Structures are given as C-alpha cells and as structure tokens.
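As structure tokens, the structure follows; a few thoughts come after it.
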Amino acid sequence: MYNLAGCYRNGEGTEKNQEKAFYWCQKAAENSYNLAQRTIANYYYNGEGTEKNLEKAFYWYQKAAENGDEAAMNNLADCYYNGKGTEKNLEKAFYWLQKAVENGYKIGMNYLAMHYENGEGTEKNLEKAFYWFQKATENSNIKDAMYNLAVCYKNGEGTERNLEKAFYWLQKAAENGNKNAMNNLATFYENGEGTEKNLEKAFYWFQKAAENTSDKDFYNDKLCEECKQPFIDYNWCQQCNIKQFQQDFPKWTSKNKFVDIFIQEAQLNAKNSYEVLEWIPYDRLKNINYYDKGGFSEIHKAIWLDGPIYSWNFNEQQWNRLSDYEVILKNLSDSSSFDKFLNEWKYHYNCQKKSFSKFIQFFGITQDPSNLNYTIVMSYARKGSLRKCLSSIIKLKWQHKLQLLNNIILGLKIMHESNLIHRDLHDGNILISDNYEAYIIDLGLCKPVKDLSLQDKIDENYGVLPYMAPEILRNLPYTLATDIYSFSMIMWEFTSGDPPFNNKAHDHQLIIDICEGERPETIDNTPKCYIDLMKKCWDSDPSKRPTIENLEDIISQWISYVNKYYELNEENSKAFIYNSIDTIQFRGDIDEFVKANKALSQELNDTSIKQSHPLSCYTSRSLKILSEGHPL
C-alpha cells in the first residue's frame, strides 16, 4: 500500500495524484507501518492530498514516534516546542528530541544542544550544550551547529575560550552558507582574531553577509567619525566620501571627457567601496607581465602599488587602501572601437553594482603612455578561467558543482533582469576565485534586448562556435534564450571535464551539424534530472528553453535538498527524504545526485587524457567566413 502511494506521489507508472497517494498512505499508516505514519503526518502538516490539519499531523507523528521512527520523534518534539497541533510543552519537546538523537537522528543534535544552552525543557548546562554542538559537527555539514560551536569557542561557553578554533568553525559555517557566521568571520579578519588580519577578506565576508540578508539596517550599528551618521555599507559614509572625491577631481584627468565623466559619476554615486572607480596612473602599476590573450585584446598581470580604496581615514585625511594589490590589465588596441569598449565596461559596472560576487571587480581605467591605449584595471581571479579549472571541477561532489553553476546563473540573472544579453557566454569568459566564486567577464558583445529587435548582420555575429545557439548560426536574432543555450554547454562541461565538441573541427560542417540537432554525448553516471534540464536548455527551439529564473529555482532547490541530505548520516538519509512533503517531488532527484557522488571516486581512478581536434578553437571569432563555407 505504501509503495502504491509512492507511485501516485511521484508519478511512477501512473499520473501523479496526491489525493490517491494520501489515500493509500493512510491505509498503510492504519496498518501500523511507521514510515507511512510519518508520511501521512507530513501530508496533514503541509495540507497536500488533503486539508491541512495540525492536530491530525501531531497524532500521526506521535504514533510513528512511539513505533520507533526517529524523524517522527524529531517532528513530534517540534510540535511540542512550537505548540502545533497540541499545547506547547518544552519538557516534552526536550524528551522527544533527546529520544530522536539517542536513536541516531543526527540533525537533532544541534537543537538538543540549544535546549541545554537556553535551559528549555531541562536545566541550563553549557557543557552539555558544547558537547552536543561538537557531536553535531562530526562527519556532517550542519552549518548552524558549526556556527554555534564557533560561538562557544569565541565566548568560552562550556569550554575554554579559543579564538583559533572559533575562527576555524566560523569559516566552515560561512562556507556552508550561515549568514551570522559570515558577519562574524569578517569581524575576525578585520581585527585579526584567531587569524592574521586581512582587510580584503574582511570586506569580502561583510559583503557576502550583506548579500545574503534583507536587513536594511545591516551596517547601521557603526557611525561615521566625521558626521556621526550610520554607515550605509561596510565602513562607508557616502555623504562624507562624496566630499573627498570632489576635492580630488582637479588632481587627475584621463584627457578624455567621457572617461572622466564615467569615473566621476561612479565616485559620486558609490554606495560602497566596491562601486568606486578610479583613474589609475600607469606609473603606479609595476611588474607588468603578459598573462593571456582573449578574442579581442591582450591581458597582462600587474601589481597596483596603491591598491583599491576601502574606506576614508579621518585621522590621516587620506583613503585607506589595500596596497600592493594583484590586478589584471585588459587593453584596447583598436582606438576606433573606443565607444564599444567604454559601453562594455559601463554594462559590466552596472551589473557589478548589483552583485559584488558575480562579476569580476572593475577598479578603473589607465592609459599605456607607450601607445596611448586605454586599459581596464580589474581584479585577479587566481584560479583563472573556468576552462582551466575543468579538470578540478569534474572531481567535485555534485552539491559543489551545482553551487558553482548557481553562481553563474545568478550573474546571468542580473544581466537578464537588466535586459542585457551576454551573446558570448563560454568557459573562457567565466573566472574562478580561490573560494570557487564564479565571475562573468567580457561583456564586449553584450547588448540590450531593445537593440536586438532587428536581425543583426552576419558580420556582427561573433562567438565560440560550440556555445553558439543554432538560431544564431542561422543568422536569426539574439534573445535571452541564446544565453541559456550557451549555459547548457557549461552544464555539459561539468559532467565531462572537457569543452564541448573538442573532438571535432570547428568548421562549417559543425555549424550544419548543430543546426540539424547534434549535441555533445551525455556522460555516464550523470543524474538523469540534470541531463533532462540540460537538454531543455539546448533545445533547438528557443521558446522551449527554461528562463534564467526557472534555472535558478530548480538548481537552488537541488542544492538545498542535497545539502540537507548530507547533514544526516548515510544510514539515516531516508529520514530526511520523507521528513518534508516539499521534498517529495525531488526525492528521485536527490537519489540520483547521491548515486552520482558515489560513482565519482570510481570515475576518478579511470581518467584518461583526451586529445583535442587540431581544428577546434575556443576563441571568439566572426562567423562571416564560416557562412561562406570556408573552414576556420
């Protein structure tokens, strides 16, 4: 009966029908099948397949708990704690939570520790609270327990004060997404507590914390030394800083009024240090060395002696800066393209302002005195391009691959919400930082949707062939769906570790093949749900591709559910899968990702070097030659 309910619930062998799933699950529950008892409680709790009824949910959680179901014990404790379906009773909440933990429900350890910490339903006992926080972090990724353990070490609660261990667990919790940990970790870096002082990392984690909160008063606990008004961002008083920038205007010029206006407007409107642009004297750049070559410009690496601004120093009346800062220089070799060059970086800057961690930071503009070429100064991503990282990305667990993909999606979402199309998205235009943040770059071909209403001329179509959508190869107009197709190729790379079509010549024949529906072969042991989504993204019909919002919704849910799965022991994993009705439709997806993770270790032992076709090319180029039937 319970298996039949599962078929109706998941649409396996029949159409999905939550009402019938509820009916057969209830039948199984009435026959004392404890897993069905907990599941029927979930149905009542969430109002799926039947009307929401917390009293009946409580009844069935109690039945399942009494029959030894540890997840039901945890849910029953939650009912008592919050007074859902029964009267609030902290003693009974503590009792059932303790029973759940004793029966191996690991995620309950964090909550049990909090009962001891706050004296809820039992006597306050900080030593036991520390013990259970520590147990909860062993062999698990319970981010809240990591943060709580860090607080214990920071304050010396239940254990000796230890700032190094506090820093360690704050870092673990922050990397796993705990917002409070991000803020505290930033403070540790700022003050050099438990680690070396690092203002760049302090700024990074303050911004990550702010980006992950809707609290408008996030920075309002600190006041400006000059005007005594609250900072609007990390160590940033806009009204005072505007005055400092204005006083410096006469001290510099690019000798180009459009560049001057662009930089000055950015400074006057900067709401944090991340939004500041500067005219950077070329003689303040040292150790300039060739780094790479893109489709349209050369790239050099350098040291910016002054480094970027992060706040104003009222005592010394000068900007606080991150000196000796590694940067990348991207030059404009064709002065006739200056307008396009400036537009590219205006688009980039406007997107950068909307999310500090999705676009590489653009610091300002300089000019090479030897040739008078304008040059962009931007942040250096240590791991380089996504293409260079594929060999390491392929080894990541699926929850980490999904997180990296989601970072790319969020950057693309900012562009699409700004009505911008990238038009040249590929693995060379995405940079990876030390902590696996993904930054979109090279918006040189980017255009607003409104400017693409008419068909572009074929000699204006540039790109890396395997990432170009079939409609573009047919010289049809670009749409937002064009970027989604390009993203599908990045999805594929995360399964293969290779760029798409690297075994083929990138010539006119490949254009024909792509237009006729050829796509890269799917890779063994890739989750089916992932393959299905990838295939939707590379559909030949742009109208059938998901939007960037669809992608974010699906992948973020996968991340959430797979991470929650791994918060529990393998033995107790099914306790989570059935614990929330919201995850039922994703149960099969979770199983697929877990299975794929288990296959990873075997695959890594069976790696072989693959040779690329000599006529494959992953640099952006014009399609005009190909359209005439000539190979590249």
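The values are calculated or read from the model by the stated rules, or taken from the named source; none is laboratory data. Everything numeric in this text was worked out from a predicted model, so none of it was measured. No Cβ is skipped: glycine too gets one built from the backbone with ideal geometry, and neighbour counts run over all protein chains shown.
Considering (1) modelled with pLDDT of 75 or more; (2) in a loop (DSSP other than H, G, I, E, B); (3) β-branched (Val, Ile, Thr), the lone condition that Thr607 does not fulfil carries the number (1).
Quick grid of which residues meet (1) in the same structural domain as Pro448 (by TED's automatic domain parsing); (2) surrounded by 19 or more Cβ atoms within 10 Å (Cβ to Cβ); (3) more than 20 Å from Lys413 (Cβ to Cβ):
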| residue | (1), (2), (3) |
| --- | --- |
| Tyr467 | yes, yes, no |
| Arg474 | yes, no, yes |
| Ser488 | yes, yes, no |
| Cys515 | yes, no, yes |
| Pro520 | yes, yes, yes |
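The number of residues in the range 540-568 being farther than 30 Å from Ser140 by Cβ and without any contact (Cβ under 8 Å) to a residue 40 or more places away in the chain comes to 3. Looking only at residues of the range 188-202 that are surrounded by 17 or more Cβ atoms within 10 Å (Cβ to Cβ) and in contact with a Lys or Arg (Cβ under 8 Å, 6 or more places away or on another chain), we find that the one that is farthest from Asn272 (Cα to Cα) is Gly194. Residues that are surrounded by fewer than 17 Cβ atoms within 10 Å (Cβ to Cβ) and not in a loop (DSSP other than H, G, I, E, B) within the range 221-237 comprise Leu223, Pro230, listed in sequence order. Residues of the range 82-106 that are touching a Ser or Thr at 6+ places or on another chain (Cβ under 8 Å) and among the hydrophobic types (A, V, I, L, M, F, W, C): Phe94 alone.
Exactly one residue out of Asp442, Asp339, Asp427 is touching a residue at least 24 places away in the same chain (Cβ under 8 Å) and more than 30 Å from Glu592 (Cα to Cα), and it is Asp442. Looking only at the range 85-102, decide whether some residue is acidic (Asp, Glu), more than 34 Å from the chain's Cα centre (by Cα) and at pLDDT 95 or above. So far as the range 85-102 goes, yes, one or more of its residues are acidic (Asp, Glu), more than 34 Å from the chain's Cα centre (by Cα) and at pLDDT 95 or above.
Residues that are part of a helix (DSSP H, G or I), surrounded by 15 or more Cβ atoms within 10 Å (Cβ to Cβ) and of a type in the set (A, V, I, L, M, F, W, C) are absent from the range 300-310 altogether. Taking first residues from the range 580-607 that are outside the structural domain of Gly6 (by TED's automatic domain parsing) and partners that are among the aromatic types (Phe, Trp, Tyr) and at pLDDT below 60, the Cβ contacts under 8 Å between residues at least 6 apart in sequence or on separate chains come to Thr583/Phe576; Ile584/Tyr578; Arg587/Tyr578. Take Ile421 and tell me if it is hydrophobic (A, V, I, L, M, F, W, C), touching a strand residue (DSSP E or B) at 6+ places or on another chain (Cβ under 9 Å) and outside the structural domain of Ser486 (by TED's automatic domain parsing). Answer is no for this residue.
Scanning the range 238-292 for residues being among the charged types (D, E, K, R), assigned to a strand (DSSP E or B) and either surrounded by 16 or more Cβ atoms within 10 Å (Cβ to Cβ) or not assigned by TED's automatic domain parsing to the domain that holds Asp368 (or both) gives a total of 1. The criterion of at least 1 residues that are under 36 Å from the mean Cα position of the chain (by Cα) and of a type in the set (Ser, Thr, Tyr) is met, among helices (runs of 4 or more DSSP H) falling completely within the range 1-78, by 2-10, 34-46, 54-66.
Restricting attention to the range 44-57, the residues that are crowded, with 21+ Cβ neighbours inside 10 Å and in contact with a Ser or Thr (Cβ under 8 Å, 6 or more places away or on another chain) total 1. Determine whether the range 364-371 contains at least one residue that is aliphatic (A, V, I, L, M), free of Cβ contacts under 8 Å to residues at least 60 places away in the same chain and more than 29 Å from Asn563 (Cα to Cα). No: the range 364-371 contains no residue that is aliphatic (A, V, I, L, M), free of Cβ contacts under 8 Å to residues at least 60 places away in the same chain and more than 29 Å from Asn563 (Cα to Cα). Scanning the range 351-363 turns up no residue that is under 21 Å from Glu549 (Cα atoms), touching a residue at least 12 places away in the same chain (Cβ under 8 Å), out of contact with any helix residue (DSSP H, G or I) (no Cβ under 7 Å at 6 or more places or on another chain) and assigned by TED's automatic domain parsing to the domain that holds Lys447. For the range 4-36, filtered to residues that are of a type in the set (A, V, I, L, M) and buried (at least 19 other Cβ atoms within 10 Å of the Cβ), the residue that is nearest to Ala72 (Cα to Cα) is Leu35. Of all positions in the range 544-565, at least one carries a residue that is at negative phi, surrounded by fewer than 14 Cβ atoms within 10 Å (Cβ to Cβ) and not charged (D, E, K, R). Only one entry in Tyr374, Tyr310, Tyr380 is of a type in the set (Phe, Trp, Tyr), farther than 30 Å from Gln557 by Cβ and touching an Asp or Glu at 6+ places or on another chain (Cβ under 7 Å), namely Tyr380.
Number of residues in the range 219-241 that are closer than 14 Å to Gln317 by Cα and modelled with pLDDT of 95 or more equals 2.
For every residue, the table says whether it meets (1) farther than 29 Å from Leu425 by Cα; (2) under 32 Å from the mean Cα position of the chain (by Cα); (3) not small (Gly, Ala, Ser).
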position: Cys237; (1), (2), (3): yes, yes, yes
position: Cys240; (1), (2), (3): yes, no, yes
position: Asp248; (1), (2), (3): yes, no, yes
position: Ile299; (1), (2), (3): no, yes, yes
